[in-house]
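To start, the structure itself, in structure tokens.
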Amino acid sequence: MTAPAPADPHPAPVRTRDPRTGLTLLAVFLATQVTMLAVSVLVLLSHDATGGGLEDGRLLALLVVPTSSAALVGVLGTAWLGGGPRARRATRELAVRWDLKDLAIGLGFGLGGLALTLPAAALWAAWVGADDASSAVGDAFAGRELAPAAAVVAFLVVWLVAPLAEEVVFRGVLWRAVERLGWNRWVVFAVTSLVFSVAHLELLRTPLLLVLSIPIGLARMFTGNLLASVVAHQTNNLLPAIGLLLVTTGTVG
């Protein structure tokens, strides 16, 4: 009798068509977006109640709390409502798998994507103007010098925290929701990339954000691992994060 082949220690996420679970996860995704909007409004209303300018601490809260809260809702909602045994739902549905090879692939997509995104950003700035091409985060911190600790926090949020949170929401919850509906993986890639770009609510930058999302989505699609897209996204955000650090520490004007 032939011995069975050894099991793959890092199996790809199960890609089973399950419209009911897909619709449930789509509802979880919508809940993440409502959460992000509601938390943002609460932070801004809190600011308005003070009657003063947007101080550093509140600006940092606006940078990190809404997106992180949305990611938390995504993880908890997936764990509670996703398919499979409850203890493993979030890990399974969000396609989280610690695999150094996948992380290396994500890094490769992130670095390779810079060859696409840097020229695209330069062309976009030349077309619409540097002021209109800047991000909402860049506009919020423009001309603002932070305390060293606050500047480092902003750097780490833009580089590491925001990409992680956004990937959980868009290429975790939303990706899996559309995948569960039974759509082709290229359609899943296209839909999640488009929604990711539009959801930033930066109308002029939407085409550029769509370009930026391509290598990130490809890392997710070709590995079947959310952590690969997280690494690709963090790689993409490193240069903007360094730029923000230089501006907020007064190193550059």
Restrict the check to segment 45-58 and report whether at least one residue is modelled with pLDDT under 80 and β-branched (Val, Ile, Thr).
-> yes
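Yes/no per residue for (1) of a type in the set (S, T, N, Q); (2) buried (at least 23 other Cβ atoms within 10 Å of the Cβ); (3) more than 25 Å from Pro66 (Cβ to Cβ); (4) under 15 Å from the mean Cα position of the chain (by Cα):
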{"site": "Leu103", "(1), (2), (3), (4)": "no, no, yes, no"}
{"site": "Trp124", "(1), (2), (3), (4)": "no, no, yes, no"}
{"site": "Val153", "(1), (2), (3), (4)": "no, no, no, no"}
{"site": "Val158", "(1), (2), (3), (4)": "no, yes, no, yes"}
{"site": "Val168", "(1), (2), (3), (4)": "no, yes, no, yes"}
{"site": "Arg176", "(1), (2), (3), (4)": "no, yes, no, yes"}
{"site": "Val195", "(1), (2), (3), (4)": "no, no, no, yes"}
In this structure, is Val158 touching a residue at least 40 places away in the same chain (Cβ under 8 Å) and β-branched (Val, Ile, Thr)?
-> yes
Filter segment 134-150 for residues that are among the hydrophobic types (A, V, I, L, M, F, W, C) and within 19 Å of Ala199 (Cβ to Cβ); which is modelled with the lowest pLDDT?
-> Ala136
Working only within segment 178-201, note down all residues that are β-branched (Val, Ile, Thr) and without any contact (Cβ under 8 Å) to a residue 12 or more places away in the chain.
-> Val187, Val198
Output the number of residues of segment 202-241 satisfying the condition of being closer than 22 Å to Ala142 by Cβ and free of Cβ contacts under 8 Å to residues at least 24 places away in the same chain.
-> 3
Residue among Leu201, Leu212, Leu194, Leu227 that alone is of a type outside the set (Asp, Glu) and assigned to a loop (DSSP other than H, G, I, E, B) = Leu201
Subset of segment 77-100 that is part of a helix (DSSP H, G or I), surrounded by fewer than 16 Cβ atoms within 10 Å (Cβ to Cβ) and out of contact with any helix residue (DSSP H, G or I) (no Cβ under 8 Å at 6 or more places or on another chain) - its residue that is modelled with the highest pLDDT | Leu100
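Condition check: assigned to a helix (DSSP H, G or I), surrounded by 17 or more Cβ atoms within 10 Å (Cβ to Cβ) and at pLDDT 90 or above. Does Val64 satisfy that?
Details: assigned to a helix (DSSP H, G or I): yes; surrounded by 17 or more Cβ atoms within 10 Å (Cβ to Cβ): yes; at pLDDT 90 or above: yes.
Judged against the criteria, Val64 is a match.
The values are calculated or read from the model by the stated rules, or taken from the named source; none is laboratory data. Values in this document were obtained by computation on a predicted structure and should not be read as measured data. We place every Cβ from the backbone using ideal geometry, glycine too, and count neighbours over all the protein chains shown.
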